[in-house]
Amino acid sequence: MSEINGLLLDNRYEILSVVGSGGMATVYKGRDHVLNRMVAIKVLKQEFNSDSDFVAKFEKESQSAASLSHPNIVNVFDVGMDHDMHYIVMELITGHTLREYLNKMHGFMKEEAVVNIIMQIGSALQHAHQNNIIHRDIKSQNILVSETGSVKVADFGIARAATKSTLVNTKEIVGSVHYASPEQARGGYVDARSDIYSLGILMYELITKELPFDGETPVSVALKQLRDHLPDPRTINANVSDGFASILSKATAKDLNQRYQSIYELMEDLKRLSVDKRFVVKTEGYLNDETTILPKITEEDIMKHDQNRTRKSTKQKASKPVSKLNITLVVVAALIVSMLVFSLVAINKFKEIFNVDIVTVPNVVGMDVDEAVRAIQDKGLVADTTERKYNNDIDEDIVISQNYAEGEELKEGFTVKLVVSNGAVRVLVPNVVQQDLVKARVMIENENFEVGEIKYEFNDLPTGTVISQSPKSGVKEAEGTLIDLVVSQGQEIKTVLVPNVSGKTIREAESELNALGLKLGSIEYELSDEFEEGMIISNQGVGQTYEQGSEVSVVVSNGPENVDGDGTGEGNGDGTENGDGTGDNYSEISVAIFASTFMHDPENIRIEMIQGETRTVVYENTHTKAEGDFRIKIRGTGFATLEVFYSDQLVSQETIQF
């Protein structure tokens, strides 16, 4: 597919050059023109575009890989289809595959280095298995080694969620046959332990630079995976420790139940070997490979394989010259061995018939898995709890079903397979804080959760806005979980009684009103013989209930109407100056305020009058630009300085004479 070099996918991803090719797809080096970075672009081969099964597997690769986030797993950035091509955009790793790395090596890789590589791959697989993803295609070509030496697992092309059906297609076996587990080879049940077997084959390859099983056809290799013992790596590499060989043996056990049951167990033994070179696992026994679609192995294939092995063995024996005496000895020995074998078989059959007890299967559905296992073992049976499924109606670790019904009779030692619940499907709780209640409800229900209790509280957020939620966002909860909400009912409106501030200065009155949550409103001035100049005569709403934030208007004293020099209040009555020049009649002036000069909208206007050492607030109120220009009347006598403030900032100062 080199002819697509230079092609731009979805006006974003430019294909530059071929990096490598696998069984289903070709990988290209590319450039992301939006984020201006180099990427790897995996394109499904054209011959598979019309095959719905292959397209489905390819799409499953992107879904599986995109759900994983781990430093030892190749990141998936995007997936799409353009120009009739299905593609995935991935992290570009500059380096080599493990197979290429091995091909360039001189001599064998050190055991410590192999353990380090397997630990990194194991960490990636452990993360995948915890997310119910089985890789099912672990091989040296799918392991990338970056230029910095870090190891990354690639190609989840045939991986799928373990919670779905885990029976391999009955007509084909999908996977790389040189690494395929026996259960993959026979088209049987596949779980996380199949990845462990493939990882064991990879361990053998790294420590010996060879694959343990080879053959002329994929079927012949698969038959060896089923029937032949793993060769001892110490016959190829004498530096392999007994402990490493024992771990390798357990990882590649043909029987699922004899194999490591989790990646964690395998990694723990590797850690022990790293600190204790004498550590040995106690067990009962001891290419360039592209992803292949392999016909299912039949009983006929197995019989032919066994016949071929027998035939080869016979030929090897026949090729050696033997004397008549040797032939006679061989025949006698064969007769003796046959009689012994016959005797042993007969004895075992006798024991099987007369000594094996028949037991009835107990009903363990609905039990806790540990309790169920004990109940089955008490009957002399074996419990297999490897199959687990998500179930929204059955709690985690509770048995959903069993393959033998209650009361069925089985021989002791038979295996009863159980399906155990993983609990409800758990999904991320959405973040609905600061969302409108209607939208929050839709978001919650779209994720298969339900809205629980709704409480309302006063808050500065708009009415109907979600203030908080429980459980919080970002955590995983079971589908159907109730999400409780606290919703704003707007700001709380409080009321207070308006106090009487008569006899106080404007500053004192404003402080008292503010303490109650009220504001000083408009200020009017009147002559008063009762109240001194600058003292409040009266205020609005005394004893009434006002909402907090309301304004209270006041009336301020300008002093008595006439003031003479000796304080008797007697004047000429004609408005002229007294003979000693100490008194004047009050007069009035106006101060112009222009809205265009406001610093804010609305603007707080305050006018202060200074006479000698006395400073008096003669006007204070809030105005908007929409009110336009206006004038403020000020009454007084004699000379005074007027200062005008906008929001406590002095904007003008003028000395006048009333």
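The values are calculated or read from the model by the stated rules, or taken from the named source; none is laboratory data. The shown structure was predicted, so the numbers you read here are calculated from the model rather than taken from an experiment. So basically every Cβ, Gly included, is an ideal-geometry build from the backbone, and we count neighbours across all protein chains shown.
Worth a mention:
- Tally, over the stretch 487-509, of residues that are of a type outside the set (Ser, Thr, Tyr) and either under 15 Å from Ser553 (Cα atoms) or not in a loop (DSSP other than H, G, I, E, B) (or both): 13
- Hey, Lys164 under 28 Å from Phe77 (Cβ atoms) and either modelled with pLDDT under 90 or buried (at least 16 other Cβ atoms within 10 Å of the Cβ) (or both) or not: yes
- Phe58 being outside the structural domain of Leu144 (by TED's automatic domain parsing), more than 27 Å from the chain's Cα centre (by Cα) and among the aromatic types (Phe, Trp, Tyr): no
- Among (1) in contact with a His (Cβ under 8 Å, 6 or more places away or on another chain); (2) assigned to a helix (DSSP H, G or I); (3) among the hydrophobic types (A, V, I, L, M, F, W, C) - the single one Ile196 does not satisfy: (1)
- Any hit, the stretch 197-206, residues being touching a helix residue (DSSP H, G or I) at 6+ places or on another chain (Cβ under 6 Å) and either of a type in the set (Val, Ile, Thr) or farther than 25 Å from Ser274 by Cα (or both): no
- Screening the stretch 2-34 for residues that are of a type in the set (Asp, Glu) and outside any strand (DSSP E or B) and picking the one that is farthest from the chain's Cα centre (by Cα) gives Glu3.
- When the stretch 380-434 is filtered for residues that are more than 21 Å from the chain's Cα centre (by Cα), outside any strand (DSSP E or B) and of a type in the set (Ser, Thr, Tyr), only Tyr404 remains.
- Considering the stretch 201-223, and only residues there that are of a type in the set (D, E, K, R) and at pLDDT 85 or above, the residue that is surrounded by the most Cβ atoms within 10 Å (Cβ to Cβ) turns out to be Glu205.
- Which numbered condition Glu492 misses (of (1) within 31 Å of the chain's Cα centre (by Cα); (2) exposed (fewer than 14 other Cβ atoms within 10 Å of the Cβ)): (1)
- Qualifying residues in the stretch 508-524 (those that are among the small types (Gly, Ala, Ser) and surrounded by 14 or more Cβ atoms within 10 Å (Cβ to Cβ)) - the one nearest to Ile632 (Cα to Cα): Ser522
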